[in-house]
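In what follows, a structure is listed as structure tokens, so that the remarks can point back to it.
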Amino acid sequence: MLLRYRGRAMTAADVAFVRALIARDPAASRRRLSQHLCTAWGWVQPNGAPRDLVCRELLLALARAGHLVLPPVRGRPPNPLARRARPRLVAVEQTPLRTSLRALGPLAFRQVRRTADEPLFNSVLDRHHPLGYTQPVGEHLKFLVWAGARPIAGFAWSSAVRHLGPRDRYLGWSATVRRQHLRFVAYNSRFLIVPWVEVPHLASHLLGRMVRMLSGEWERVYGHPVYFAETFVDPARSRGTCYRAANWIVLGRTTGRGHADHTHRATRTVKEILGYPLVKDFVARLTGTG
């Protein structure tokens, strides 16, 4: 093996294949080369889209390691994630709502990604969540919860964290199995009840309903279910009481080093890791033993 990238082991034969691909079409851009390679290797996401960006990163890693020479850069298109404008403000009713859960009435959960309500979701999270709004990458869903015509809460879900020691030990999967099955774990990156709504027990109630519908919505959008949910709680900000009340399991704590650690020292806030099984046989499904 010459190099491993995102779980793919690159051998001398693989590198020879890429070199031959470049030689056959020397005028191809790096983008076109990565598209050809995705097709040749059948390298696609669960929804069938080619892993074009990951493939280009792999090619760049091979070039930096001296295993091949890539075509010259034709241009540098702007990175929409690097200079993303703050979500535009969407007006929302902020009349205080203080009542009981029973008196609140029926609540509606709506997945709003790629819908007309997505700007509202982005605006509410950006203005009222302590961590603000950041655009998720990879697979992700956004939910607004409505009480009548009023949005009162929001959930953001995205692809799971790749390496997470306490979670990985809890599930008992190997590194190889984790790479194969990580797409079946969803990460709750944001949960917000808007600050003008005060309803006892609302947070744990919403969490309970959210996890019951999450897998079905994920499969509807991405073509595969999810079997386990995870999130982080910063003890300096919150005890995560609503997650505990909704029966989430404390799995352990982060190291505080982040995914790009080079110093082996904590440079970030240490957070608690909580998890929630979405199906009874989640371990068997996630480890491939079922």
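The values are calculated or read from the model by the stated rules, or taken from the named source; none is laboratory data. Only a predicted model underlies this, so the values are computations on that prediction, with no experimental measurement involved. Backbone-built Cβ (ideal geometry, glycine too); neighbour counts: all protein chains shown.
Any idea which of PRO166, PRO119, PRO151 is more than 30 Å from CYS55 (Cβ to Cβ), modelled with pLDDT of 90 or more and either among the aliphatic types (A, V, I, L, M) or touching a helix residue (DSSP H, G or I) at 6+ places or on another chain (Cβ under 8 Å) (or both)?
Unique residue meeting the criteria: PRO151.
Might you check whether a residue that is under 21 Å from LEU125 (Cα atoms) and in contact (Cβ under 8 Å) with a residue 40 or more places away in the chain occurs anywhere in segment 166-184?
No.
Working carefully through the options PHE184, PHE191, find the one that is within 21 Å of VAL90 (Cβ to Cβ) and at pLDDT 95 or above.
Matching residue, one of PHE184, PHE191: PHE191.
With surrounded by 19 or more Cβ atoms within 10 Å (Cβ to Cβ), within 18 Å of LEU125 (Cβ to Cβ) and more than 20 Å from the chain's Cα centre (by Cα) as the only criterion, which of VAL199, VAL194, VAL233 stands out?
VAL194
Filter segment 19-59 for residues that are within 25 Å of ARG183 (Cα to Cα), free of Cβ contacts under 8 Å to residues at least 24 places away in the same chain and in a helix (DSSP H, G or I) and give the result.
Hits for segment 19-59 are GLN35, HIS36, LEU37, CYS38, THR39, ALA40, TRP41, ASP52, LEU53, CYS55.
Residue-wise test of (1) part of a loop (DSSP other than H, G, I, E, B); (2) over 25 Å from THR269 (Cα atoms); (3) in contact (Cβ under 8 Å) with a residue 12 or more places away in the chain.
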{"residue": "ALA85", "(1), (2), (3)": "yes, yes, no"}
{"residue": "ARG88", "(1), (2), (3)": "yes, yes, yes"}
{"residue": "ARG102", "(1), (2), (3)": "no, yes, no"}
{"residue": "ARG114", "(1), (2), (3)": "yes, yes, no"}
{"residue": "PHE121", "(1), (2), (3)": "no, yes, yes"}
{"residue": "TYR133", "(1), (2), (3)": "yes, no, yes"}
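Just the residues that are under 13 Å from LEU70 (Cβ atoms) and within 33 Å of the chain's Cα centre (by Cα), please, taken from segment 7-21.
Selection gives VAL15, VAL18, LEU21.
What pairs can you find where one residue is in segment 236-262 and closer than 22 Å to LEU192 by Cβ, the other is modelled with pLDDT under 85, and their Cβ atoms are less than 8 Å apart, with a gap of 6+ or different chains?
Going by the 8 Å Cβ cut-off, the qualifying pairs are THR254/ARG268.
Taking SER29, is it in contact with a helix residue (DSSP H, G or I) (Cβ under 6 Å, 6 or more places away or on another chain) and modelled with pLDDT of 85 or more?
No: the conditions fail for SER29.
Restricting the first residue to segment 216-231 and requiring it to be farther than 19 Å from LEU274 by Cβ, which pairs with a second residue that is in a helix (DSSP H, G or I) and among the hydrophobic types (A, V, I, L, M, F, W, C) meet a Cβ separation below 8 Å and a spacing of at least six or different chains?
Every condition considered, the pairs that remain are HIS224/PHE184; HIS224/TRP218; PRO225/PHE184; PRO225/TRP218.
If a residue must be within 20 Å of GLU219 (Cβ to Cβ) and at pLDDT 95 or above, how many such residues does segment 122-142 contain?
3
If you check GLU57 against the conditions, is it assigned by TED's automatic domain parsing to the domain that holds ARG24 and modelled with pLDDT of 85 or more?
So GLU57 fits the description; yes.
Considering only segment 37-51, I want to know if a residue exists there that is under 22 Å from the mean Cα position of the chain (by Cα), outside the structural domain of ARG162 (by TED's automatic domain parsing), surrounded by 15 or more Cβ atoms within 10 Å (Cβ to Cβ) and charged (D, E, K, R).
Checked against the condition, which is being under 22 Å from the mean Cα position of the chain (by Cα), outside the structural domain of ARG162 (by TED's automatic domain parsing), surrounded by 15 or more Cβ atoms within 10 Å (Cβ to Cβ) and charged (D, E, K, R), segment 37-51 yields at least one hit.
Any residue at all in segment 204-224 that's closer than 19 Å to ASP168 by Cα and within 15 Å of the chain's Cα centre (by Cα)?
no
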